[in-house]
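> Handing you a structure now.
The values are calculated or read from the model by the stated rules, or taken from the named source; none is laboratory data. Being a predicted model, the structure only gives us computed values, none of them experimental. Methodologically, a virtual Cβ is constructed for each residue, glycine included, from the backbone with ideal geometry; neighbour enumeration extends over all protein chains shown.
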Amino acid sequence: MSVPSGHARPRTVRPGLRWRRSSRSTGMNNCVETARIGPGLLAVRDSKNTAGPALLFTSAAWTSFVGGLADHRFTKVG
């Protein structure tokens, strides 16, 4: 499974992964969960649809995205 740098694509991921939820999650299923699926790859899924597809990110792309959130580099739409 190779993922082009900086891209995410939907995938159905294999069962048995160890999914993690943010420690800041309120338990209301309004967050995302992540799972490492191999060297340098991370799966991200909607906690409301755990049987649905996940997005695959390179570790570098996910780290950059989370860093952008922390630095407020994104603008809220709407």
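This table checks each residue for (1) at pLDDT 90 or above; (2) over 15 Å from Pro15 (Cα atoms).
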residue	(1), (2)
Leu41	yes, yes
Lys48	no, yes
Gly52	no, no
Val66	no, yes
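> Residues being among the basic types (Lys, Arg) and modelled with pLDDT under 75: count how many of those fall in the range 1-23.
Summing the residues that are among the basic types (Lys, Arg) and modelled with pLDDT under 75 in the range 1-23 gives 3.
> Right, here's the next one. Those residues that are among the small types (Gly, Ala, Ser), closer than 17 Å to Val66 by Cα and loosely packed, with under 12 Cβ neighbours inside 10 Å, I need them from the range 20-44; list them, please.
If the condition is that a residue be among the small types (Gly, Ala, Ser), closer than 17 Å to Val66 by Cα and loosely packed, with under 12 Cβ neighbours inside 10 Å, then Ser22, Ser23 are the ones that fit.
> How many residues, within the range 45-58, are surrounded by fewer than 17 Cβ atoms within 10 Å (Cβ to Cβ) and either acidic (Asp, Glu) or under 10 Å from the mean Cα position of the chain (by Cα) (or both)?
Result for the range 45-58: 1.
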